[in-house]
Every structure is written in C-alpha cells, then in structure tokens.
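Here is the structure we will look at.
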C-alpha cells in the first residue's frame, strides 16, 4: 500500500484558524483589506492559491472586502448551514473565505463575494 502524502499549509494564527478552519467571521470594518485598493492579487492565506484580482474589488459598504468575481475555478460555493446564504471557500484547500450574494445590483456581474481579510493575503503587482 502506498504511503499517502500529507498536504502542508501555511501556519495560521489562532484568529486565522478560527475564520479559515472553523468558518468564523472577523468583525466588520476591522480587516486589513476592507478599505484597501492597491493593484495586485489576493491569495489564500492557508495554501497560497490565487483567489481574486484587485481589478474585481469594489466598495460593497459591508465591512469586508468585496469582489464581483473570482479567479476562474478558485472559489467553491456551498450552501451555508444557516440555509440562508451561500458559503465560499478556497477550491484548492477548502479554507473558509466568506459568503457570496447574488442580486444586489452593486456591479454589472450582480455578484458580491464578501470575504474575510484574514482568509487572504495580498500580493502586489510588480
């Protein structure tokens, strides 16, 4: 029988573990990327997979970073246990990102990914 490899992820602080691994939520208007508009890419804090591009970020006035689309195939949508929302997670590692909302008419895509800053890390364009 072949030995299985264990995936190694980036180390996380207890607060990051709460959000990413236990599907928690950071307090609104406290995240480092809520009011942040530099040019670059947002990657998963746990596995470094590309998630969002700065061109797709907008001010959703919700207290968390908002994006109207993700990098193709980067985000998985799941029914939230509360039965009311759609959870989003990193398609690569399953880390919790936040929730997606459809039909609010904030952008042409009519979609708002409401993402915890603690779930991402920003990489500036060179």
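Going through 46, 112, 77 one at a time, which residue ends up being surrounded by fewer than 20 Cβ atoms within 10 Å (Cβ to Cβ) and under 12 Å from the mean Cα position of the chain (by Cα)?
Details: 46 fails: surrounded by fewer than 20 Cβ atoms within 10 Å (Cβ to Cβ); 112 fails: surrounded by fewer than 20 Cβ atoms within 10 Å (Cβ to Cβ).
Answer to the check: 77.
List the number of the failed condition for residue 123; all other conditions in (1) over 9 Å from the mean Cα position of the chain (by Cα); (2) buried (at least 20 other Cβ atoms within 10 Å of the Cβ); (3) not in a loop (DSSP other than H, G, I, E, B) hold.
(2)
So, residue 65, is that one free of Cβ contacts under 8 Å to residues at least 60 places away in the same chain, closer than 15 Å to residue 122 by Cβ and touching a strand residue (DSSP E or B) at 6+ places or on another chain (Cβ under 7 Å) or not? Walk me through it before giving the result.
Numbers: free of Cβ contacts under 8 Å to residues at least 60 places away in the same chain: yes; closer than 15 Å to residue 122 by Cβ: yes; touching a strand residue (DSSP E or B) at 6+ places or on another chain (Cβ under 7 Å): yes.
Yes; evaluated as a whole, the condition is true for this residue.
Of the residues 71, 100, which is buried (at least 17 other Cβ atoms within 10 Å of the Cβ), on the phi < 0 side of the Ramachandran plot, in contact with a strand residue (DSSP E or B) (Cβ under 7 Å, 6 or more places away or on another chain) and not in a strand (DSSP E or B)?
71
Restricting to segment 11-26, give me the number of residues that are in contact with a helix residue (DSSP H, G or I) (Cβ under 6 Å, 6 or more places away or on another chain), within 19 Å of residue 78 (Cα to Cα) and part of a helix (DSSP H, G or I).
Selection size over segment 11-26: 2.
FYI, it's all coordinate maths here, none of it is from the lab. The structure presented is a predicted model; accordingly, all values stated were derived computationally and were not measured. Cβ coordinates were reconstructed from backbone atoms using ideal geometry, including for glycine residues, and neighbour counts include every protein chain displayed.
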